[in-house]
């Protein structure tokens, strides 16, 4: 009848102090985290950790070309010519057992082998084999390392992409770009250290992308990525409203900073310092972003290299050129998300569109960086969250097929920034179902990326809730065989 009264009468001295002890222990853990966080976050002159780099870096920055949806390795980078002889045959259950099929296709009556409709060619002096769909990227084959042996335990899009970019399938951890910003700081005060951009293919819209993919997780929010929007103002409120001149804006920011400093002195909340820094960066970006986005500075030759969509905001070509401009202005981590690779049906038609949207601009970015002497210290990563099945999802014909999700093998490629070019690394079985040589998973890829930037992945940590966290969680290895 009276729950508060009942609670009070049941609260003995022994029970009260017992429960208080648990609370104090939890508080002690949190306070220890704060003390330990301060101990590992002594910063250098550009805002990075004072003890970094751990090793001599090969790369200064990363451009991550994330192909969202799961590009088909069989149709792009993992050639299986012998499958042509097995067209339409049932994929043996010894190769692809029923318990590894997803609910999107496991009710099919047939799991017919679907060889790629596309021809593969040898490119460059290294004779790397790549699909005809990537003929422009193929011109840079001698700079590429194709990893055919990536694998993941995630089978759905969001857990898989979250795993690759944060080190865990469970949301809440810092993104790779946030870890780099936290560890290495920024080479520019005029732009964010970490910028994310997105584009959609000319076909289907693709899987949704969530802010946590460029978020800071439990790191201070100053390290989160800044999303450049693909339509309208690239950064909201970057331009002064009508009637507000730069001097007035500067006065407002100065007074706001003083008020925030007073609040910080009163509360000690570190997020207030983050807000001060973000307001100051926003003020500087009012000058730097319009200049960054002014493509009139680019030559006709450069614009033509990126293709006809380069001047259209929100396209992959436009984002590739902006990525190069961000890189040369000191941005540490640049991530492009291109949606539309989730091809469960009508794959030949859809993947042609995706290749048309991405092949030329990607090649132009590689060539542009190389011509400017920037490829040597810029690491390029291209790939998606998983691969596709060898069996056809839906009806198989000579001209059409679909492919379901497949996590046990997929392909990515890397270039520049200390990567050995002209290399095919890892191997899958005859059906491109299982890795049979030199397997790599997300933590290995991230450990290698960090190493190229001069970071020992086991030493880049942040204490949170009583545990030391890192991008590579409790595993990961640097894959030395793909390094130059």
If we ask which residues in segment 161-190 are at pLDDT below 95 and either touching a helix residue (DSSP H, G or I) at 6+ places or on another chain (Cβ under 6 Å) or outside the structural domain of residue 450 (by TED's automatic domain parsing) (or both), their number turns out to be 1
Scan segment 237-246 and tell me whether some residue there is farther than 30 Å from residue 342 by Cα, at pLDDT 80 or above and in contact with a helix residue (DSSP H, G or I) (Cβ under 7 Å, 6 or more places away or on another chain). no
Out of 160, 193, which single residue is under 18 Å from the mean Cα position of the chain (by Cα), farther than 23 Å from residue 375 by Cβ and touching a residue at least 40 places away in the same chain (Cβ under 8 Å)? 160
Which of the residues belonging to segment 354-382 are outside any strand (DSSP E or B), crowded, with 23+ Cβ neighbours inside 10 Å and out of contact with any helix residue (DSSP H, G or I) (no Cβ under 6 Å at 6 or more places or on another chain)? 354, 366
What are the residues in segment 107-124 that are part of a loop (DSSP other than H, G, I, E, B), more than 22 Å from residue 398 (Cβ to Cβ) and under 30 Å from the mean Cα position of the chain (by Cα), if any? 124
Failed condition for residue 343, given (1) touching a helix residue (DSSP H, G or I) at 6+ places or on another chain (Cβ under 7 Å); (2) assigned by TED's automatic domain parsing to the domain that holds residue 191; (3) part of a helix (DSSP H, G or I), with all others met? (3)
Would you confirm whether or not segment 447-466 contains a residue that is in contact with a helix residue (DSSP H, G or I) (Cβ under 6 Å, 6 or more places away or on another chain), surrounded by fewer than 16 Cβ atoms within 10 Å (Cβ to Cβ) and assigned to a loop (DSSP other than H, G, I, E, B)? yes
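Results for (1) at pLDDT 80 or above; (2) closer than 28 Å to residue 361 by Cα; (3) in a helix (DSSP H, G or I); (4) out of contact with any strand residue (DSSP E or B) (no Cβ under 8 Å at 6 or more places or on another chain), shown as yes or no for each residue.
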residue: 266; (1), (2), (3), (4): yes, no, yes, yes
residue: 273; (1), (2), (3), (4): no, no, yes, yes
residue: 280; (1), (2), (3), (4): no, no, yes, yes
residue: 283; (1), (2), (3), (4): no, no, yes, yes
residue: 288; (1), (2), (3), (4): yes, yes, yes, yes
residue: 303; (1), (2), (3), (4): yes, yes, yes, yes
residue: 308; (1), (2), (3), (4): yes, yes, no, yes
residue: 318; (1), (2), (3), (4): yes, yes, yes, no
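The values are calculated or read from the model by the stated rules, or taken from the named source; none is laboratory data. Because the structure is a prediction, the values reported are computed rather than measured. Here the Cβ is made from the backbone with ideal geometry for all residues, glycine too, and neighbour counts use every protein chain on show.
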